[in-house]
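What follows is a single structure, written as structure tokens, with notes after it.
The values are calculated or read from the model by the stated rules, or taken from the named source; none is laboratory data. Small disclaimer: the values here were computed from a predicted structure and weren't measured. Here the Cβ positions follow ideal geometry from the backbone for every residue, glycine too, while neighbour counts run over all protein chains shown. Protein only, heavy atoms only, side chains kept; ligands, DNA and RNA dropped before computing areas. Shrake-Rupley method; radii C 1.70, N 1.55, O 1.52, S 1.80 Å.
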Amino acid sequence: MLSCPSRKLKALIETRNTRTERVFLVGVELQNRDRAALRDSLAELGELTTTAGGEVVGDGIQKMESLSPATFIGKGKAEEFADSCRRQDVDTVIFDDDLSPAQCRNLEKIFECKILDRTSLILDIFARRARTREGKMQIELAQLQHLLPRLTRFWGHLSRQSGGIGMRGGEGESQLEADRRKVSERIDKIERDLDAVRRQRATQRAGRQRSQWPLASIVGYTNAGKSTLLNALTGSDVLAKDILFATLDPTTRRLKLPTNQNVLLTDTVGFIKKLPHGLVEAFKATLEEVVRADLLLHVVDISHPQAEDQIAAVDAVLKEIGADEKATLMVLNKMDQLGGSGALNRLQEKFPHAVAISATTGEGIPALLSEIGTQLRPKREFLELRIPHEQSAVIARLHKVGQVIERRYNSKTARFKARIPPHHHAEFAAYIVNAA
Ligand SMILES: Nc1nc2c(ncn2[C@@H]2O[C@H](COP(=O)(O)OP(=O)(O)OP(=O)(O)O)[C@@H](O)[C@H]2O)c(=O)[nH]1
Ligand SMILES: [Mg+2]
């Protein structure tokens, strides 16, 4: 019975086995895709596999005009790869692109081993990394949603994995329907629980006076050095490691700029190419910090050959969560590792305000701090407001959320000069005379 689907799902790649899973990677070269990009994508898939605890023993590429609806790659090619997998004692074959449930099933028959796609692999890694209750629920939801349409194939290999043929009395249609219902009941339950957690958080947030300090969020491709930067700037010790998706849950620390201005800085989950849509959806709550931020620090690993592609991938996710219009400061990291490549010049030309740094050596950090200060300051400049005396509630509110530095009264109105945090500007829009 599928009493605890998540436990089984989280073990898509078995590290508890007596040996590390041996993995074969498959990519396709379509007409509009060049070979170098495909190689890079496969290299990244290999890193993801290692992160999930597997060992890549080989890979194969097929050049194709169009994909096969039945087997994704051509049937003949699949048989050829399957042969080589058998010779190399491969446990799992991972495709660089998403497979349909039917393709998975058919490929499993040909390869006679576990077939995964990029999305399942990323979900598996996220499942291992999630720490908070909300994070775990979000991942399980995304996993189950990905699983539901593929249940037949999962069911097939899950039963094999647990050596369970005969334990559940076959894999007939009725069994399958029962499992499908269980998964969908579980999805409903997690959705309800998540909803409750989020409502609770919203209530807490409303009750808490929002901090007067501006928010800055660190975003960027996975492994770009986001956590290392947070640690360097705030002296904290968030896990920073040379693995993909080291960070899942957001961490917020206070950063005091040399000008004595305080900023709240949040480090969050890294992005990656082809990030499963369901995962972005599931993580929208976690990524709220990004959406609410006054400033984004987009950290780029400029020593990476694919730096520019990675920037584009991050921008695409920002767009998906509705944060693409935010004020963004480009932070070109790992300059200590740069071997005289032209990437730095090119990016600095493209982003004139970009700051080049090394989060590990500290080079460029003073310039970064000063740029953060500059970027946040305009939003905190003084405003002039004119408020009729009888609007005493508005006047009281102004004193509560803003910093009033000058007041003048005449017969009809009161005039104020005040500093108001940007997220409160809208409230006072009707009374603002000008930005001083
Ligand atoms: N040489 C060099 N390495 C760096 C620099 N900044 C970070 N790193 C290394 O890059 C690796 C990844 O750093 P993290 O800070 O974990 O990266 P991240 O962006 O938080 O990654 P995820 O949380 O996995 O998305 C670590 O091994 C860091 O030591 C840098 O300026 N120079
Ligand atoms: Mg991190």
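General remarks:
- Identity of the residue in region 329-353, more than 16 Å from ligand 1 (Cβ to nearest atom) and more than 16 Å from VAL314 (Cβ to Cβ), that ends up surrounded by the most Cβ atoms within 10 Å (Cβ to Cβ): GLN348
- For region 51-67, the count of residues that are among the aliphatic types (A, V, I, L, M) and open to solvent by less than 20 Å² (accessible area, probe 1.4 Å) is at least one.
- Boolean, VAL314 is buried (at least 17 other Cβ atoms within 10 Å of the Cβ) and within 14 Å of ligand 2 (Cβ to nearest atom): yes
- Test set (1) more than 21 Å from SER41 (Cβ to Cβ); (2) within 13 Å of ligand 1 (Cβ to nearest atom); (3) open to solvent by 10 Å² or more (accessible area, probe 1.4 Å); (4) touching a residue at least 40 places away in the same chain (Cβ under 8 Å) - PHE382 fails condition number: (2)
- Residue in region 185-205 that is outside any loop (DSSP other than H, G, I, E, B), at pLDDT below 70 and not polar (S, T, N, Q) present: yes
- Residues in region 264-308 that are within 16 Å of ligand 1 (Cβ to nearest atom) and either modelled with pLDDT of 85 or more or assigned to a loop (DSSP other than H, G, I, E, B) (or both): 27 in all.
- Of all residue pairs spaced 6 or more apart or on separate chains, those with beta-carbon atoms under 7 Å, a first member in region 230-244 that is modelled with pLDDT of 90 or more and a second member that is more than 8 Å from ligand 2 (Cβ to nearest atom) and in a helix (DSSP H, G or I) are ALA232/ILE365.
- Qualifying residue in region 174-182 (condition: within 22 Å of ALA323 (Cβ to Cβ) and modelled with pLDDT under 85): no
- If only residues of region 235-249 that are surrounded by fewer than 19 Cβ atoms within 10 Å (Cβ to Cβ) and at negative phi are counted, the one that is nearest to the chain's Cα centre (by Cα) is ASP249.
- When GLN145, GLN138 are screened for being open to solvent by 20 Å² or more (accessible area, probe 1.4 Å) and under 24 Å from the mean Cα position of the chain (by Cα), only GLN145 passes.
- Residue match in region 291-299 (condition: open to solvent by 60 Å² or more (accessible area, probe 1.4 Å) and either out of contact with any helix residue (DSSP H, G or I) (no Cβ under 9 Å at 6 or more places or on another chain) or over 23 Å from GLU44 (Cβ atoms) (or both)): yes
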